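Here, each number is a calculation from the coordinates, and none is a lab measurement. Bear in mind that the values here come from a model prediction, so they are computed numbers and not experimental data. Here the Cβ positions follow ideal geometry from the backbone for every residue, glycine too, while neighbour counts run over all protein chains shown.
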Amino acid sequence: MAYLTAKQFSEIWGITERRIIKLCKENRIHGAIKNGMVWEIPEDTLKPSDRRSNIYKYIHIPKKIMIVNSNKNWKVYLEECIEKEGYIVEYGKIEEIQDKLESLSQYYEGLIYFAKDHIDKSEENFIIHFAEKLHSESSIVIVDDTNQKRYPIERKLSDDFRNKIGLRINTLLLDIPRDRKCIINEHEIIEDIVELLLRLKNTTGMAIISDGGKIEFNKEGRTENLEIGKFYRALNHCFRRLNKESYLWCASTMLEDEWTEEPQEMKFRQMNLEVANRGGNVERIFIFSKDKIKQFKQNKTLKIYMQSNIKTLFVDYDEIKEKEPKLLEIVGAGWDGINKEILIADLPEDMKERGYISKNQKEIMEAYTCFQKLKTYSKNLKEVLK
């Protein structure tokens, strides 16, 4: 491909070289590249339209996605994911939008519809009428609970929409208990929604099931013992939700094979640092014998933690074993406590499973009290390892 300079294009387009350079800097000339001090532009490039002109306004219609009946807890991440793709997000309840459907913007790129229950005739009509504001590159995603009474609207409307408009319609079925006595990774669900909305361009009339990585609690408020993958996914999800109001209190027994460069541990380390950087109050107690101080001076994880906003403390294992051995029984293989609401407990290394999560208030408060007691024996880890 041949390129011309800004000066050469100023003669072709009839505008100044300075104006063309400004357009290049604003990324408004497609394919323009800077070679040293000179802007080079593909010779077949069309002159960009003036932003003041009706042509510019017509070409640059905002790309909007309408989200109806969204769960407010999902709103921030859903909006973040879609806006990252260059779209503008609008929200509303079906009752509100039905009343002003005619006055809404004429063009939308897609619709995400959260079904209230199973979709009835009025909701079906709403989707059909909203589709009049969509085009052949648009997409509709219905987010629906899984149940036997589910109305398979994506199958009923898919042929009609594909033939008359060309758009696609798919459904994400949520396999989540109604009582929500489980941990749900909303990020997984939202990423599946965005995938259906923007990526599956050749698929329509499809329903896929997502359980959001659900982890259910038994009547005692504990999950089953979780294998490595499921444990880390749940742990990372819990950490991702923490903010500057959160208190993360953790005790580690520092076995020789912990804090390695293994990917799971590196990701866990990153999540800790992110919580601290968001302003969360993070305190970590590392419990090991004094005779291992020299060994742990070179530990990369400890070095990184000590350079961060995480409060790192040392407790001598031998001192606790002598004075208050019951505390070591409570710590076990270690745990991460979140406020006074969740305890993420490690299991001994000889077990197949990695750990479990508890909302059992008695267990959480026993661990929390233990942590506060351990702090009375603690020293600043930086001073210990210097």
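What is the angle, in °, between the Cα long axis of helix 121-130 and the longest principal axis of the Cα atoms in the chain? Nearest 10 is fine, range 0 to 90. Orientation of helix 121-130: about 60 degrees from the principal axis. Would you mind checking Lys230/Lys303; Lys181/Lys303; Lys93/Lys156 for any pair whose Cα atoms are more than 31 angstrom apart? Table pairs above 31 Å Cα-Cα are Lys181/Lys303. Counting only Cα atoms, the size of the chain along its three principal axes is 85, 64, 33 Å, in decreasing order. Under 18 Å of direct C-alpha separation, and excluding same-chain neighbours fewer than eight residues apart, Lys219 reaches these aspartates and glutamates: Asp179, Glu341, Glu363. Bridging of Lys47 to lysines at a Cα separation below 26 Å is possible for Lys7, Lys22, Lys25, Lys34, Lys57, Lys63, once same-chain residues fewer than 8 apart are set aside. Peptide packing for 130-136, 63-69 was compared via the average number of neighbouring C-beta atoms within 10 Å per residue; ordered from the highest value, the list is 63-69, 130-136. The modelled label-to-label distance between Asn163 and Asp99, using points 7 Å beyond Cα along the C-beta direction, is 3.7 nm. With neighbour counts taken as other beta-carbon atoms within 10 Å, the residues Val76, Val331, Val89 rank, fewest first, as Val76, Val89, Val331.
Pairs from the list Lys116/Lys340; Lys84/Lys340; Lys292/Lys375; Lys359/Lys386 with a Cα-Cα gap above 28 Å: Lys116/Lys340; Lys84/Lys340; Lys359/Lys386. Rounding to the nearest 10 and keeping the result within 0 to 90°, find how far the Cα-based axis of helix 186-198 lies from the longest principal axis of the chain. Around 20 degrees separate the two axes. Distance from the alpha carbon centroid of the range 188-251 to that of the range 121-140 works out to 29 angstrom.
Distant-in-sequence amide contacts of Arg222, defined by a placed amide H-H separation under 5 Å and a gap of 5 or more residues or a different chain, comprise Lys359.
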